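The values are calculated or read from the model by the stated rules, or taken from the named source; none is laboratory data. Remember, predicted model here, so these are calculated numbers, not experimental data. Neighbour counts run over all protein chains shown; Cβ positions are idealised from the backbone, glycine included.
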Amino acid sequence: MSDNSNRKPSLTTRVAQALRFIEAETGAVVPSIQPAATYARDENYDIRKPYFYRRDGNQATSHAEAIIAELEGAADSLLFASGMSACTAVIEHLPTGAHVVAPRVMYHGVLHQLQTYAANGRITLDFYTAGNLGELAEAVARQKPSLVWVETPNNPNWEVTDIEAASKIAHDAGAKLIADCTATPPNITRALDLGADISFHSATKYLNGHSDITAGVLSVREIGPYWDEIVLIRKLQGTVLHSFDAYMLIRGMRTLFLRVEKCCKNAMAVAKHFEGHKHVEVVHYPGLPSDPGHEVAKRQTNGQFGGMLSIVVAGTEQTAIDVARYCEVFYPATSLGGVESLIEHRKTVSGVGFPVHPRLLRLSIGIEDADDLIYDLEQAIARATS
């Protein structure tokens, strides 16, 4: 029998136990919520803990950040009140005139933010096709950037970008690389291990997993002056995640591994069923061997490919909208990563000018019975195409 005296619990166990949380005073195994907006100094008029005012953080938020840092293998993690506030902090810390290279198609909120800053002369902006390393290298060569933005898998077509290769391209040009891996949480993809400088997640999605908070998180491979600037921006903008939302996030993360495993299994079943379907022109899902990003996705995940996929239905744009309307198990709602399955007509949601196929339906696959999800889409497609 081997000696396991030095064996440490796995990451799965540590996250399930919220980093082996036990409250010192009571022995409680569930973290408490401290809603205070301000903190009294001690008898010597010294600050008692790292907190002075709510903008600096709170116990629950710090605890959630510690869990995410473990998941990411990060030097530090920082939680914000939303994914967009986290992304805005990264953009805001760039010096005036900084050049950014980003995917042409990406989460529309961040794309709009980048375009707004560029239109105001705050930054300059160039684009590449997600997953195309040649285009990325060309864009970087045209004008050396301060920041390269990667989103993988890419919303809503789920193209896969090789994070390790993209990091090398960025670093060779003296740029930092941020990787948005919201669709594959850090128990699937650890972007920092692959060379990214900053990993971003909309914690609203898989990390929380229950569609009941908004949150965003940045994790960093190495702490430096730029990270100190981002910490200061969060403080000055007052966008720290509040204690109750942090508590809910911790609660959600304790089941992260279980939830994501089921979502991935269901997504694979749905993708395989509708690949080659007579009323579906294409299924975008990196888990399918036929998907252009499949081999790269295999290398930078743990063998799970996420719960997000998209289908392009045959017919007209109205046909696609009708499929979403006729679903009775899928919710016709925006967002992703929750325990419930969602369907949305992406062009309607993203708005005019966003480059997305007019018949694309984005599916966030939850933890329901996979046969129920397949049957629901089948009946909705049948009604929409009859």
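Checked across the range 270-277, the condition of being crowded, with 16+ Cβ neighbours inside 10 Å and over 21 Å from Tyr375 (Cα atoms) holds for no residue.
Per the listing Asp56, Asp46, the residue uniquely closer than 19 Å to Val231 by Cβ and of a type outside the set (Val, Ile, Thr) is Asp56. Just one of (1) buried (at least 22 other Cβ atoms within 10 Å of the Cβ); (2) without any contact (Cβ under 8 Å) to a residue 12 or more places away in the chain fails for Gly366. It is (2). Residues satisfying the criterion are present in the range 243-252 (criterion: surrounded by 24 or more Cβ atoms within 10 Å (Cβ to Cβ), in contact (Cβ under 8 Å) with a residue 12 or more places away in the chain, touching a Gly at 6+ places or on another chain (Cβ under 7 Å) and within 25 Å of Ile367 (Cα to Cα)). Cβ separations smaller than 6 Å between residues 6+ apart or across chains give no pair from the range 332-357 residues that are under 19 Å from Leu377 (Cα atoms) and assigned by TED's automatic domain parsing to the domain that holds Ser202 to residues that are in a loop (DSSP other than H, G, I, E, B) and aromatic (Phe, Trp, Tyr). Report yes if some residue within the range 312-324 is buried (at least 21 other Cβ atoms within 10 Å of the Cβ) and assigned to a loop (DSSP other than H, G, I, E, B); otherwise report no. No, the conditions are met nowhere in the range 312-324.
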